[in-house]
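**Student:** Here it is, the structure in full.
Laboratory data are not the source of any read-out in this text; all were calculated from the coordinates shown. Every value quoted in this text rests on a predicted model; they were computed, and no experiment measured them. When we count neighbours, we look across all protein chains shown, and the Cβ atoms used for this are built from the backbone with ideal geometry, even at glycine.
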Ligand code: GUN
Ligand code: ZN
């Protein structure tokens, strides 16, 4: 089951479901796909038989922090005190390369156990945090986009850089990693409050020098944050214009959260072809607010889903779909199961402008897949005995599923077998 288009535009016909399907993979790419009877193995093929299970494209997490594994489930704070109390002290530990290495390994295994094969990832301000992350991702042949955090004010010394050091360090990382195997670089200013104008301008300079890198930051997550931005940048009319002024709003720019936006900001995201990452689990967990998905659809702004670990409390994109559904329910918008599948696969790929490579099973794309076994959760299996259409089956597994139903995750056609 995969999406060929956006169900918000094309309805359920955007989903292609083949009850008994097969595909052939060569050198990590899909070379044939269709009904099992039409796709024949030849003598040299290795046959992987997942009969009775459901295969969907690898999930794409469009906003996550690998150094925040140990921040997950931190009690009782909202964004600004959550950063001060839990997050900055935790990220300070990433000056220790071994700690970073061990965390990157743990993190990538968690992603794979949850069926996530691509993510847009924050490192910390330490250069080595990104080197060890890319090294670990490259070893697993994963398509990952990541970057060094740029932050030169309003945080403890141990996590700060400077405008010029962040420019030089990011440039060196781009030269070292961008476009190597399946890896891509994201210029990553943390958010407006922790960067001076000089540093935001340095980020803009990097984007001009390397036009195909991503830009990854936070935008309008929490009301106190928005108020602080208006005090720090009194000359800017709104939050997004702080980024616009430095040339950071363009295609391949991904703005996490984007909850409290003005009409002008929505229009600017749309006009500039920028994307947003909706992080329902985090927005509920740290009490940030309700993302207006219907507005994003209306404005034609590309949306992907993010877990935002460690603001989010799970690595599971299935859990992210569950919370996304509830956040829209609170706004009287019942998002369809087809749209949830889209947002966690092809929609995420489009938000990252990587849909030429990943997001569905079109011939030529990279064979990143998740094999789901609904029988692994008795409640889900029980429910599915009386729900027979693919829409009902999909909705039930998105609402009741989690890592227990991830039977295997395939990267470039290769099983990773971390759950067995
Ligand atoms: N805004 C600035 N930094 C962060 C972060 O680490 N997590 C979240 N959720 N929001 C942020
Ligand atoms: Zn975040």
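**Student:** For segment 353-373, list residues with backbone N below 14 Å from a point placed 7 Å from the Cα of residue 273 toward its Cβ?
**Tutor:** What the label zone holds, given the 14 Å backbone N cut-off, is 353-356.
**Student:** Apply 1/(1 + (r/R0)^6) to the Cβ-Cβ distance of residue 85 and residue 414, taking R0 = 35 Å, and write down the FRET efficiency to the nearest 0.05.
**Tutor:** 0.30
**Student:** May I pose another question? So for 321, 90, fewest C-beta neighbours within 10 Å to most, what's the order?
**Tutor:** Placing the least packed residue first, the sequence is 90, 321.
**Student:** While we're here: Where the Cα atoms of segment 85-170 are projected onto their three principal axes, how long is each span, largest first, in whole Å?
**Tutor:** 36, 28, 20
**Student:** In terms of the Cα gyration tensor, with a ≥ b ≥ c the square roots of its eigenvalues, is segment 269-420 rounded because a/c is under 1.5, prolate because a/b exceeds b/c, or oblate?
**Tutor:** oblate
**Student:** If one computes P(r) from the Cα atoms of segment 284-360, what percent of pairs lie at distances over 22 Å?
**Tutor:** 21
**Student:** Rounded to the nearest 10 degrees, what's the angle between the helix 223-232 long axis and the longest principal axis of the chain, both from Cα atoms, 0 to 90?
**Tutor:** 40
**Student:** Test of understanding: express the Cα radius of gyration of segment 172-299 as a ratio to 2.2 N^0.38 Å, with N the residue count.
**Tutor:** Working: Rg = 14.6 Å, N = 128, 2.2 N^0.38 = 13.9 Å.
This ratio for segment 172-299 stands at 1.05.
**Student:** Could you tell me what fraction of 2.2 N^0.38 Å the Cα radius of gyration of segment 34-88 comes to, as a two-decimal ratio? Mind showing how you got there, number by number?
**Tutor:** Working: Rg = 22.2 Å, N = 55, 2.2 N^0.38 = 10.1 Å.
Taking the Cα Rg and dividing by 2.2 N^0.38 Å, one obtains 2.20.
**Student:** In terms of the ratio Rg/(2.2 N^0.38 Å) built on C-alpha atoms, what value belongs to segment 334-416?
**Tutor:** Numbers: Rg = 14.0 Å, N = 83, 2.2 N^0.38 = 11.8 Å.
So segment 334-416 has a normalised radius of gyration of 1.18.
**Student:** Let me ask something else. How much of the pair distance distribution for segment 1-159 lies past 19 Å, counting alpha-carbon pairs only, in percent? All intermediate terms of the calculation are to be shown ahead of the outcome.
**Tutor:** Details: 8202 of 12561 pairs.
Looking at segment 1-159, the distances longer than 19 Å represent 65 percent of pairs.
**Student:** Sort the following peptides by mean Cβ neighbour count (other Cβ atoms within 10 Å, averaged over residues), highest first: 200-206, 61-67.
**Tutor:** 61-67, 200-206
**Student:** Using the Cα atoms of segment 231-308, I'd like the radius of gyration and the largest Cα-Cα distance, Dmax, both in angstrom.
**Tutor:** Computed over the Cα atoms of segment 231-308, radius of gyration and Dmax are 12.4, 33 Å.
**Student:** May I pose another question? Take 308, 403 and order them by how many other Cβ atoms sit within 10 Å, fewest up front.
**Tutor:** 403, 308
**Student:** If you don't mind, another one. What angle, in degrees between 0 and 90 and rounded to the nearest 10, separates the Cα long axis of helix 197-209 from the longest principal axis of the Cα atoms of the chain?
**Tutor:** 50
**Student:** For the residue pair residue 40 and residue 138, what label-to-label distance in nm results when each label sits 7 Å from Cα along the Cα-to-beta-carbon direction?
**Tutor:** With each label point 7 Å from Cα toward Cβ, the separation is 4.2 nm.
**Student:** I want to verify the translational diffusion coefficient of the chain in µm²/s; compute it with Stokes-Einstein, Rh as the Kirkwood radius over Cα pairs, at 37 °C and 0.692 mPa s. Can you show the working numbers first?
**Tutor:** On the way: Rh = 21.5 Å.
This corresponds to a translational diffusion coefficient of 153 µm²/s.
**Student:** Then there's this: At 7 Å along the Cα-to-beta-carbon direction for both residue 241 and residue 99, put a label point, then send me their distance in nm to one decimal.
**Tutor:** Result for the modelled spin labels: 4.1 nm.
**Student:** Label residue 250 and residue 197 with points 7 Å out from Cα along Cα→Cβ: what is the distance between them in nm?
**Tutor:** 2.1
**Student:** Taking 0.36 nm per residue of sequence separation and subtracting the Cα-Cα distance, how much length would be gained by fully extending the chain between residue 4 and residue 388, in nm to one decimal?
**Tutor:** 136.0 nm
**Student:** By counting other Cβ atoms within 10 Å of each Cβ, how are 69, 370, 213 ranked from fewest to most? The partial results should precede the final answer.
**Tutor:** On the way: 69 17, 370 26, 213 22.
Lowest to highest Cβ neighbour count: 69, 213, 370.
**Student:** Now, a different point. Computed FRET efficiency, Cβ-Cβ of residue 227 and residue 295, R0 22 Å: what is it to the nearest 0.05?
**Tutor:** Working: r = 22 Å, r/R0 = 0.98.
With a Förster radius of 22 Å, E is 0.55.
**Student:** Moving on to the next point. What ranking, highest mean first, results for peptides 132-140, 224-232, 309-317, 289-297 when packing means the other Cβ atoms within 10 Å averaged over each residue?
**Tutor:** 309-317, 132-140, 289-297, 224-232
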